[in-house]
Amino acid sequence: MTEANERARAERESGEQRETKTAAPSPPPVVRRVADLRDATAGFRADGERIALVPTMGALHAGHLSLITHAARHAERIIVTIFVNPTQFAEGEDLDAYPRTEADDLAKLARLPVDLVYAPSPREMYPDRFATSVSVTGLTDGLCGTSRPHFFGGVATVVCKLFTQARPDIAVFGEKDFQQLLVIRRMARDLDLGVEVFGAPIVRENDGLALSSRNAYLDEKARATAPKLHALSVHARNLIVDGHAVPKVLAGLRSRLTEAGFAVDYAEVRHAETLSPLDIVGDAPARLFVAAVLGETRLIDNLPIERQRGWADQAPAHEPR
Ligand code: PAF
């Protein structure tokens, strides 16, 4: 077993022991260099352990923590990455404002079965003269690919690097960024990266707002309005399930969102695997995708369109206020 591996295990075990004695378990060890990450993962692999990777940009919330719980079902070792990836932000987006809360993040991870945190610097990820990018076509057409054309190139490139650096067996991503999940899954398959990519369900506040690190940007008024994105989407989804015409329902959703104060980016129904636009929902797996800006904050959400409505997303038959 390597030194880093041994340290990781000792930290984890002493954390577990402390948890039973005191309320403050120690956070998982952090490595910042690819070489140290490789050292640790080589040790895990040598012990025959499966590795799960949970890539994040930090500012961890219950949605991220649920990814870790999901990962724990599939692997003995869990690595969380924390890296605010500059290449997925365009000029004028919120790269500088994006919350960076590493100490808080580590404290949250202390209570979970996380073996290692990989938190590289931008220079470690993108050394001088870095000149390569990964581009996934097709799935990146439309939805967030239209309003954020640089986004998926940046995501695919950094996730490809994380996968080749850590060589995990599995990786888990949230379904809130459903298009991102499909893009990463496609990339992993196309490039034979040997990583099984899992999606984990959206975690919501009690009022339905999908958890997102960017929710921290919402002021009090916007926070009160934000759950309408989900409520109005659920209402639209239910109309579609009840057989109403998709284009008409989407037009209604857009205008209700606008009335509520959102600047709508998109509201679309797409095939849940190919992301091709659907005007008619038949037997194909379909999803409703929405993105809208509230004040300065861009929010996204999506819902499955099932013939049988899921209890968790059931909305009252009347229109939400
Ligand atoms: O979803 C995110 O947090 C990011 O896009 C990801 C996948 C960690 C890549 O930077």
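The values are calculated or read from the model by the stated rules, or taken from the named source; none is laboratory data. Model, not experiment: these values are computed from the prediction. Cβ atoms come from the backbone with ideal geometry, glycine included; neighbour counts cover every protein chain shown. In case anyone asks, the SASA skips ligands and DNA or RNA and just uses the protein heavy atoms, side chains included. Shrake-Rupley method; radii C 1.70, N 1.55, O 1.52, S 1.80 Å.
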### Task
Over the chain, with every protein chain in place, what whole percent of the accessible area is carbon and sulfur at 1.4 Å, could you tell me?
50 percent
### Message
Given a 1.4 angstrom probe, what's the average accessible area per residue across the chain, in square angstrom?
### Response
48 Å²
### Tail weight of P(r) past 16 Å, computed on alpha-carbon pairs of region 190-232, percent
50 percent
### Tensor-based shape of region 34-99 (alpha-carbon gyration tensor, a/c under 1.5 rounded, otherwise prolate or oblate)
oblate
#### Entry: Size of electric dipole in the chain: Cβ of Lys, Arg +1 and of Asp, Glu -1, about Cα centre, debye, nearest 20
200 debye
#### Entry: Shape call, region 229-287: gyration tensor on alpha carbons, a/c limit 1.5
prolate
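Under 4 °C and 1.567 mPa s, how fast does region 26-153 diffuse according to Stokes-Einstein, given a Kirkwood radius computed over C-alpha pairs? Answer in µm²/s, whole number.
Reported coefficient: 80 µm²/s.
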### Query
Where a Cα-Cα gap under 19 Å defines reach, which aspartates and glutamates qualify for Lys161, not counting those fewer than 8 residues away within the same chain?
Asp36, Asp39, Glu124, Asp128, Asp169, Asp190, Asp192, Glu196
### Query
How large are Rg and Dmax for region 90-227 when only the alpha carbon atoms are used, in Å?
16.5, 47
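Can you give the alpha-carbon Rg of the chain over 2.2 N^0.38 Å, where N counts its residues? Mind showing how you got there, number by number?
Numbers: Rg = 20.5 Å, N = 321, 2.2 N^0.38 = 19.7 Å.
Ratio of Cα Rg to 2.2 N^0.38 Å: 1.04.
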### Query
For Glu220 and Asp279 in the same chain, what is the full-extension length gain: residue separation times 0.36 nm, less their Cα-Cα distance, in nm?
17.6 nm
#### Entry: Computed helical MRE - 222 nm, the chain, DSSP H runs ≥ 4 contributing -39500 (n - 2.57), nearest 500
-11500 deg cm²/dmol
#### Entry: Highest average packing first - 141-150, 228-237, 38-47, Cβ atoms within 10 Å
228-237, 38-47, 141-150
